[in-house]
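Participant: Have a look at the structure that comes next, please.
The values are calculated or read from the model by the stated rules, or taken from the named source; none is laboratory data. Owing to the predicted nature of the structure, the values given are computational and were not obtained by experimental measurement. Cβ sites come from the backbone with ideal geometry, for glycine too, and all protein chains shown count toward neighbours.
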Amino acid sequence: MTDQAVMPREPYAGYHQPKGIDEDAELTHIGPNTPCGEYLRRFWQPVCLTEQLTDLPLALTIMGEDLVAFRDKSDQIGLLHRHCSHRGTSLEYGIVADRGIRCCYHGWLFDADGTILETPGEPSDSRLKDSFVHGAYPTREFKGLVFAYMGPPDTMPAFPVFDTLEMPDNEMIPYAIHYPCNWLQVNENPVDPYHSVFLHSRVTEAHFNVAWGELPVVEWHVKEGGKGVHLTNTRRWKEYLWTRINEWVAPNFAQTPDIYQNPDREKFFVRAALSKWAVPIDDTNTMIIAWRHFNDELDLDGKSDRTDIGLNKVDFLGQTSARSYEDGQRIPGDYEAQVGQGPINIHALGNLGYTDTGVALLRRTLREGIRAVQEGNDPPLLAPTASGNVPTQCGDVIVNVGDMSEDRELQGKVGQAIGRIIAETENLPHRERQAEIENRVRTYLAER
Ligand code: FES
Ligand SMILES: [Fe+2]
């Protein structure tokens, strides 16, 4: 952990500003054998879109390790260390085989689990291929994404199927976007609901609905045991009280409610519009690997464009490098704000305020998880319910409160109550949970 640098208090103090300050390596360095890298390796991580696996191998870097992914002709997905364990040629130039991948240089054949199947130039009695294995990681294909587990084999957790990924009548479109900056600043964005007021509304123009420009009252709801946080941001908009629940699950999964939400009618727990991971490529590059969700409760104004979702594209403003530099300057979006923090944001030069409560909470949660793993413990992990799904809390609740006072203290209390009601109903299936939430929220408001 790095200490806050001492800032000068006089004007024109450029010369006296602290310089040459290091990043917080404990939270930002993710390579093999780093504390944070070891922690992140204890979770399943998405590594690419399944559409990226063609008849050619795919070169990838994940958490500082150079890898190659492929789908062989018997439909196994392999994720191998990129450099051939004979003499190091990159397997991105390998030939995808009926089973495994064959190195182009001397024809060694590697199975998806790293077993060396053939060393064809070696004498027939050679035992070389049986004397070691090539580096490989277990993979899992799920709804258009490829996941891998890159930690110690004996601590591999169950693959987490979050409840939002098994919703009734819900279509999911996968996408992946490269951010040329450290994973942490991408990871922190979802727990900062205040940026929505400014970046997405007041500072430039309304990227989404104008209601986003209302300053919300935010309450943070910490998941037990350092497993993440969901935050209720409650706004008054006309006769409605709109509580938006963003969610972050340690270490790098987040969900956002409807980005095109229009609080013009009552809605009880419309769920996530996107579910995403901030996956470190290396210390200064990150991939957002995610799904956009579509169902008849989301985007009622029909603003989404499904054809604009995929590799390095998603259907809302300012998320990629695709726009011109000038456009990014005139109407900056999440991409400019996060990449603009520099290759690795220097925490000692930042000055956190009340509105950064979620960021401080996230950093503390990560630090605790990292240290738990360093001490030989398992990191905190959200568990599935009897349904097999891992319950989550992201969604929108919009309730007509008529002429109820605009009192911000009251908004905070309602946000607190809704955050609690949502967590207490997490074991119910979606439709029952919606009905129960509506019932309890109406009762809470009537009893006030
Ligand atoms: S370097 Fe790959 S087979 Fe020789
Ligand atoms: Fe944003």
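Participant: Phe147 fails exactly one of the following numbered conditions: (1) outside any strand (DSSP E or B); (2) more than 16 Å from ligand 1 (Cβ to nearest atom); (3) in contact with a strand residue (DSSP E or B) (Cβ under 7 Å, 6 or more places away or on another chain). What is the number of that condition?
Facilitator: (1)
Participant: Could you run through the range 31-45 and say how many residues are closer than 12 Å to Gly369 by Cα and outside any loop (DSSP other than H, G, I, E, B)?
Facilitator: Counting residues in the range 31-45 that are closer than 12 Å to Gly369 by Cα and outside any loop (DSSP other than H, G, I, E, B) gives 6.
Participant: Then there is this: I need every pair where a residue in the range 160-177 that is crowded, with 20+ Cβ neighbours inside 10 Å has its Cβ under 8 Å from the Cβ of a residue that is acidic (Asp, Glu) and part of a helix (DSSP H, G or I), sequence separation at least 6 or different chains.
Facilitator: Once the first residue is crowded, with 20+ Cβ neighbours inside 10 Å and sits in the range 160-177, its partners that are acidic (Asp, Glu) and part of a helix (DSSP H, G or I) give Pro174/Glu51.
Participant: Here's another thing I want to ask about it. Inside the range 46-60, can you point out the residues that are part of a loop (DSSP other than H, G, I, E, B) and surrounded by fewer than 21 Cβ atoms within 10 Å (Cβ to Cβ)?
Facilitator: Selection gives Leu53, Thr54, Asp55, Leu56.
Participant: Kindly check whether there is at least one residue in the range 77-91 that is among the hydrophobic types (A, V, I, L, M, F, W, C), more than 15 Å from ligand 1 (Cβ to nearest atom) and surrounded by fewer than 24 Cβ atoms within 10 Å (Cβ to Cβ).
Facilitator: Yes, the range 77-91 contains at least one residue that is among the hydrophobic types (A, V, I, L, M, F, W, C), more than 15 Å from ligand 1 (Cβ to nearest atom) and surrounded by fewer than 24 Cβ atoms within 10 Å (Cβ to Cβ).
Participant: Farther than 25 Å from Arg408 by Cβ, of a type outside the set (Asp, Glu) and part of a loop (DSSP other than H, G, I, E, B): which single residue out of Pro157, Pro174 fits that description?
Facilitator: Pro157
Participant: Looking at the range 332-343, is at least one residue away from ligand 1 (no atom under 16 Å from the Cβ), more than 26 Å from Val203 (Cβ to Cβ) and among the hydrophobic types (A, V, I, L, M, F, W, C)?
Facilitator: no
Participant: Can you tell me how many residues in the range 217-240 are under 19 Å from Ala272 (Cα atoms) and not charged (D, E, K, R)?
Facilitator: Here the count works out to 11.
Participant: Please work out if Glu297 is on the phi < 0 side of the Ramachandran plot, away from ligand 2 (no atom under 16 Å from the Cβ) and loosely packed, with under 13 Cβ neighbours inside 10 Å. Explain how you work it out, then say what you get.
Facilitator: Working: on the phi < 0 side of the Ramachandran plot: yes; away from ligand 2 (no atom under 16 Å from the Cβ): yes; loosely packed, with under 13 Cβ neighbours inside 10 Å: no.
No; evaluated as a whole, the condition is false for this residue.
Participant: Now for a separate question. Looking at the range 235-246, is at least one residue away from ligand 2 (no atom under 16 Å from the Cβ), among the aliphatic types (A, V, I, L, M), in contact with a Gly (Cβ under 7 Å, 6 or more places away or on another chain) and at pLDDT 95 or above?
Facilitator: no
Participant: Moving to a separate point now. If only one of Arg367, Arg433, Arg442, Arg420 is under 30 Å from Arg41 (Cα atoms), basic (Lys, Arg) and touching a residue at least 24 places away in the same chain (Cβ under 8 Å), which one is it?
Facilitator: Result: Arg367 is the single residue among Arg367, Arg433, Arg442, Arg420 that is under 30 Å from Arg41 (Cα atoms), basic (Lys, Arg) and touching a residue at least 24 places away in the same chain (Cβ under 8 Å).
Participant: Scan (1) of a type in the set (Asp, Glu); (2) closer than 30 Å to Gly37 by Cβ; (3) in contact with a Phe, Trp or Tyr (Cβ under 9 Å, 6 or more places away or on another chain) for the single condition Asp396 breaks and write down its number.
Facilitator: Only one criterion is unmet by Asp396, namely (2).
Participant: Give the number of residues within the range 1-30 that are in a helix (DSSP H, G or I) and either surrounded by fewer than 19 Cβ atoms within 10 Å (Cβ to Cβ) or of a type in the set (D, E, K, R) (or both).
Facilitator: Of the residues in the range 1-30, 5 are in a helix (DSSP H, G or I) and either surrounded by fewer than 19 Cβ atoms within 10 Å (Cβ to Cβ) or of a type in the set (D, E, K, R) (or both).
Participant: Could you check Ile77 against (1) touching a Pro at 6+ places or on another chain (Cβ under 9 Å); (2) within 29 Å of Lys276 (Cβ to Cβ) and say which number it fails?
Facilitator: (1)
Participant: For the condition out of contact with any Ser or Thr (no Cβ under 6 Å at 6 or more places or on another chain), away from ligand 2 (no atom under 16 Å from the Cβ), closer than 14 Å to His134 by Cβ and not polar (S, T, N, Q), what is the one hit in Glu92, Glu65?
Facilitator: Result: Glu65 is the single residue among Glu92, Glu65 that is out of contact with any Ser or Thr (no Cβ under 6 Å at 6 or more places or on another chain), away from ligand 2 (no atom under 16 Å from the Cβ), closer than 14 Å to His134 by Cβ and not polar (S, T, N, Q).
Participant: Then there's this: How many residues does the range 361-394 hold that are β-branched (Val, Ile, Thr) and either surrounded by fewer than 19 Cβ atoms within 10 Å (Cβ to Cβ) or part of a loop (DSSP other than H, G, I, E, B) (or both)?
Facilitator: Looking only at that region, the number is 2.
Participant: Still on this structure: Just to check your reading of the model, which residue among Leu56, Leu91, Leu79 is in contact (Cβ under 8 Å) with a residue 40 or more places away in the chain and within 30 Å of Pro251 (Cβ to Cβ)?
Facilitator: It is Leu79.
Participant: Same structure again: Please pick out the residue among His200, His207 that is farther than 28 Å from Arg433 by Cα and either within 16 Å of ligand 1 (Cβ to nearest atom) or assigned to a helix (DSSP H, G or I) (or both).
Facilitator: After applying the criteria, what remains is His200.
Participant: Scan the strands (runs of 3 or more DSSP E) fully inside the range 62-124 and keep the ones with 1 or more residues being within 25 Å of Tyr179 (Cα to Cα).
Facilitator: Here the list reads 65-71, 77-81.
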